[in-house]
1. Pull up the stretch 34-55, narrow it to residues that are open to solvent by less than 50 Å² (accessible area, probe 1.4 Å) and part of a helix (DSSP H, G or I), then point me to the one that is farthest from Leu218 (Cα to Cα).
2. All but one of (1) open to solvent by 80 Å² or more (accessible area, probe 1.4 Å); (2) in contact with a Ser or Thr (Cβ under 7 Å, 6 or more places away or on another chain) hold for Glu61; state the number of the condition that does not hold.
3. Which of the residues that make up the stretch 132-157 are open to solvent by less than 40 Å² (accessible area, probe 1.4 Å) and in contact with a helix residue (DSSP H, G or I) (Cβ under 6 Å, 6 or more places away or on another chain)?
4. How many residues are in contact (Cβ under 8 Å) with a residue 40 or more places away in the chain, surrounded by 20 or more Cβ atoms within 10 Å (Cβ to Cβ) and touching a strand residue (DSSP E or B) at 6+ places or on another chain (Cβ under 9 Å) when one looks only at the stretch 168-188?
5. Would you say Tyr30 is of a type in the set (Phe, Trp, Tyr), at pLDDT 85 or above and surrounded by 11 or more Cβ atoms within 10 Å (Cβ to Cβ)?
6. Within the stretch 127-153, take every residue that is of a type in the set (Ser, Thr, Tyr) and not in a loop (DSSP other than H, G, I, E, B) and give me the one that is farthest from Ala183 (Cα to Cα).
7. Go through (1) open to solvent by 20 Å² or more (accessible area, probe 1.4 Å); (2) within 24 Å of the chain's Cα centre (by Cα) one by one and return the number of the condition Pro160 breaks.
8. I'd like to check which helices (runs of 4 or more DSSP H) are fully inside the stretch 154-216 and have at least 2 residues that are of a type in the set (A, V, I, L, M, F, W, C) and farther than 17 Å from Ser137 by Cβ.
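The values are calculated or read from the model by the stated rules, or taken from the named source; none is laboratory data. Bear in mind that the values here come from a model prediction, so they are computed numbers and not experimental data. All Cβ positions, glycine included, derive from the backbone under ideal geometry; neighbour counts span all protein chains shown. When the accessible area is computed, the model is the full protein with side chains, heavy atoms only, and any ligands, DNA or RNA have been set aside. Shrake-Rupley method; radii C 1.70, N 1.55, O 1.52, S 1.80 Å.
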Amino acid sequence: MNNSAANTGRVLWAGLRALLVLTVITGVLYPLAVTGIAQLVFPGKANGSEIKSEGKVVGSELIGQTYNLPLKDGEETASPDLKWFQPRPSNGLGSNSVNTQYSIILSGATNRSGDNEDLIQWVKDAKAAVVKDNSVSGYTVKPSDVPADAVTSSGSGLDPHISPEYAKLQVHRVAEKNHLTVAQVDELVAAHTDGRILGFIGEPRVNVLQLNIALKELTKG
């Protein structure tokens, strides 16, 4: 009995030592090493790909955000501030949408099929709003001009990018609201359009936050 108890004690002590050693290695040393390497090699990405404006962090290049007017009394959904470039919808539209404010905790798709009546109506309403908001004096948007990303959300609902086509569709409205020329805003969009990764992966895209920061700097000038 004494030998059995001693053997059991040795096994338990060996298991405890292994647990402690592995906890230190995998729970302390490894995370510290990975964090240190990340901070040395690509600190920007390691810290969340932060974007700064006037010395302050205003967002991440990985997560979209809204550019709305303050809510008025009785309003459930804020209206877009049309002096800024607008992002794509975030998981549906209207008061029944999943996520209208780019809330990270609600990341995900609408999970509605292409023939879902609510989704079809949201897209129709979104297209009408895009046409109305972006039609200004001397420039009328046609429904056929509205790209898909202007009226549908991404799979995550948090996409920070829009297509160059959607950015260009907004140029006349942004120019008018900010008292700039169309050529000035066109140049801004072109300068902030990223091409395909390695020349063939993905699609050309425009980061809305970075574009709006550049727009803010341009209006100051």
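1. First, pick out the residues of the stretch 34-55 that are open to solvent by less than 50 Å² (accessible area, probe 1.4 Å): 36, 38, 44, 46, 48-49, 51, 53.
Going one step further and asking which of them are part of a helix (DSSP H, G or I), we end up with 36, 38, 44, 46.
On the way: Gly36: 38, Ala38: 34, Gly44: 25, Ala46: 30 Å.
Out of the qualifying residues, it is Gly36.
2. Exception for Glu61: condition (1).
3. Across the stretch 132-157, the qualifying residues are Asn134, Val136, Val141, Val146, Pro147, Asp149, Ala150, Val151.
4. 2
5. yes
6. Ser144
7. It fails just one condition, (1).
8. Working: elements: 164-169, 171-177, 182-191.
In the stretch 154-216, the matching helices (runs of 4 or more DSSP H) lie at 182-191.
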